[in-house]
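As structure tokens, the structure follows; a few thoughts come after it.
Where a number appears in this text, it was derived from the coordinates with a stated rule and is not lab data. These numbers were taken from a predicted model, which means no experiment stands behind them. Backbone-built Cβ (ideal geometry, glycine too); neighbour counts: all protein chains shown.
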Amino acid sequence: MPTAEATAAVLERYEAVIGVEVHCQLKTASKMFCSCSTAYDGARPNSHTCPVCLGLPGALPVMNKRAVELVMATGAAIGAQTPAATRWDRKNYFYPDLPKGYQISQYDLPLASAGRLTFDTSEGPFTVQITRAHLEEDTAKLVHGEGPNGERLSLVDFNRSGVPLMEIVTEPDIRTAEQARRYGEELQLLLRTVGASDADMERGQMRVEANVSLRPRGTEAFGTRVEVKNMNSFRSVERAVAFEIERQAALLDAGETLRMETRGWADDRGETYHMRSKETSDDYRYFPEPDLPPLRVDAAWLAEIRADLGELPAARRVRYEEALGLSAYDAAVLVADADAGRLFEATLAAAPGLDAKPVANWVTGDYLRLRNAAAEPVSVDPAQLARLVALVGEGTINRSSGRDVLDAHAATGEAVDAIVARLGLRQISDAGALGSVVDEVLAANPAAVADFRAGKGQAIGFLIGQVMKATKGQANAAVATAAIRERLGADGGGK
């Protein structure tokens, strides 16, 4: 297993050169070149198929306009260029999950090219140049198992065949395993924000592949490139790239020659393994797809897509930090979690003028605590959360009671004010009302009073706790503290 220290030692001698390829299933109702439904999760194998996605002779493809628009939106979000005209190409190879013997894709003229994506790392912001984002059709799914007599079987489910797939390819700009992971995380967030894909790695909607090579520090020539597949989480991406860096360094140090290959990632073993030799573009014998006409992108069409993008993640983080005064951490959490971000925005909209900082604290802390612990979806009314934040902020209830109120509201939907009244949670903030309680506590705890007057300032914490106990937690801690200090200070008490 690679360690951060070991990888850092390797990178003192070698420079890693890493490019990332991402395939993501686009969020469309039908497949790329036919009308079959893409809602096949849990469906009977081969039940969402037709002659087109089964690759039957004579079946002709018809382009899915929505899939094209989602790639164009992604390209606009990464600042890429979209050509006035593009075309489809045939990518030829033979494999059981490709019924036609070729895949309809794009090669020379992708829908988006020359983009970029900036994201945060432990060493600061980092920008990756994105070579291209293009459309293609997904393959069928191979299902491996055992037959009735214990023999190994590989079956083909064509439900996924023909689903719209976007491939996004970076330049070899990435230099560390962490950068590879952060790029994937930021890209997933961007895809979800623009509505291009749900990009769920566990469900195979986003597949990340890394091309890793090493070269001695100070040299320019690229080393031998190895492709790493089968990484089903961003943690796996970081671990796999780190392992591959160390593996290649060990071979180079031993004087061995690396070979261009495709390797898989075994998450349980924490290592990569050989799958096959690596193909090049020449092996696919690309040529223009004869069954589809060239695609022309009207300027007004592209402008409309760009106008509908809305606020992108990077811009939202900047707004939260600079305009609303949130910490970088809170901004990152709110932008990364769609539910939390929606609740935060709706709460501020429900109570104009409410301070954004405490709202962010409640959403990123208490709301996410509730949601992540619940078996069922958690519903919090933004207007009620705004009311709760205001009650705690003005001292009507304390923070601890506020958590109880939020829990009760999420469980029942009951209004915050009604919960506060029903549970008797309003704080006692009147100095006169608290005065008699404070006097009783001081009289009942002479040792703590003596400690405080002797200069042991921590004794006041005990006395405040006794006041809280006597009032069943309803005393305003700040008012109680001021009352205790006033009484003991008048007698020459401690600090």
> In angstroms, what radius of gyration and Dmax does the range 431-490 have, counting Cα atoms only?
Replying inline: 10.3, 29
> LYS456: which lysines have alpha carbons under 19 Å from its alpha carbon, excluding same-chain residues fewer than 8 sequence positions away?
Replying inline: LYS495
> When only Cα pairs under 8 Å and 6 or more residues apart are kept, what is the percent relative contact order across the chain?
Replying inline: 14 percent
> When only DSSP loop residues count, what GluC sites (Glu not before Pro) in the range 352-455 have their Cβ near at most 16 other Cβ atoms within 10 Å?
Replying inline: GLU394, GLU414
>> List the trypsin sites (Lys or Arg not before Pro) within the range 195-257 that DSSP assigns to loop and that have no more than 15 neighbouring Cβ atoms inside 10 Å.
In response: ARG203, ARG217
>> Antiparallel versus total DSSP beta bridges in the range 208-271: what percent is that, nearest 5?
In response: 55 percent
> Just how large is the dipole of the range 1-61 about the Cα centre, in debye to the nearest 20, putting +1 at every Lys and Arg Cβ and -1 at every Asp and Glu Cβ?
Replying inline: 480 debye
> Can you list the chymotrypsin sites (Phe, Trp or Tyr not before Pro) in the range 43-97 that are in a DSSP coil and have 10 or fewer other beta carbons within 10 angstrom?
Replying inline: PHE94
> Add -39500 (n - 2.57) for each DSSP H run of 4 or more in the chain, then divide by its residues: what number comes out at 222 nm, to the nearest 500 deg cm²/dmol?
Replying inline: -12000 deg cm²/dmol
> Projected onto the charge dipole of the range 384-495 (+1 at Lys/Arg Cβ, -1 at Asp/Glu Cβ, origin at the Cα centre), which of VAL416, ALA482, LEU434 gives the Cα projection farthest towards the positive end?
Replying inline: ALA482
>> For a quick check: sort SER197, SER236 by the number of other beta carbons within 10 angstrom, fewest at the front.
In response: SER236, SER197
>> Could you sort the peptides 443-453, 109-119 by per-residue average Cβ neighbour count (10 Å cutoff), highest mean leading?
In response: 109-119, 443-453
>> Need the list of lysines near LYS91 for cross-linking: C-alpha distance under 22 angstrom, and skip anything on the same chain fewer than eight residues off.
In response: LYS31, LYS65, LYS100, LYS141, LYS229, LYS278
> So in the chain, what percent of DSSP beta bridges are antiparallel if you round to the nearest 5?
Replying inline: 90 percent
> Can you give the charge dipole size of the chain about its Cα centre, rounded to the nearest 20 debye, using +1 on the beta carbon of Lys and Arg and -1 on the beta carbon of Asp and Glu?
Replying inline: 380 debye
> Quick one: LYS100, LYS469, LYS456, fewest Cβ neighbours within 10 Å first, how do they rank?
Replying inline: LYS469, LYS456, LYS100
> Percent relative contact order of the range 4-300, based on C-alpha pairs within less than 8 angstrom and at least six residues apart?
Replying inline: 25 percent
> Using alpha-carbon pairs under 8 Å, 6+ residues apart, how would you state the relative contact order of the range 287-357 in percent?
Replying inline: 23 percent
> Amide H neighbours of LYS229 under 5 Å, counting only residues 5+ apart in sequence or on other chains, H built in-plane at 1.01 Å?
Replying inline: ARG263, GLY264, TRP265
> Quick one: putting +1 on the C-beta of Lys and Arg, -1 on the C-beta of Asp and Glu, what dipole do you get for the range 305-444 around its Cα centre, in Debye to the nearest 20?
Replying inline: 280 debye
> Which of the aspartates and glutamates could a cross-linker span from LYS27 if the Cα-Cα distance has to be under 15 Å and same-chain partners fewer than 8 positions apart are dropped?
Replying inline: ASP41, GLU69, GLU136, GLU137, ASP138, GLU167, ASP198, ASP200
>> Using alpha carbons only, how many angstrom separate the centre of the range 383-418 from the centre of the range 1-65?
In response: 45 Å
> By Kyte-Doolittle mean hydropathy of at least 0.0 and Cα axial length of at least 24 Å, which whole DSSP H helices of the chain are selected?
Replying inline: 234-253
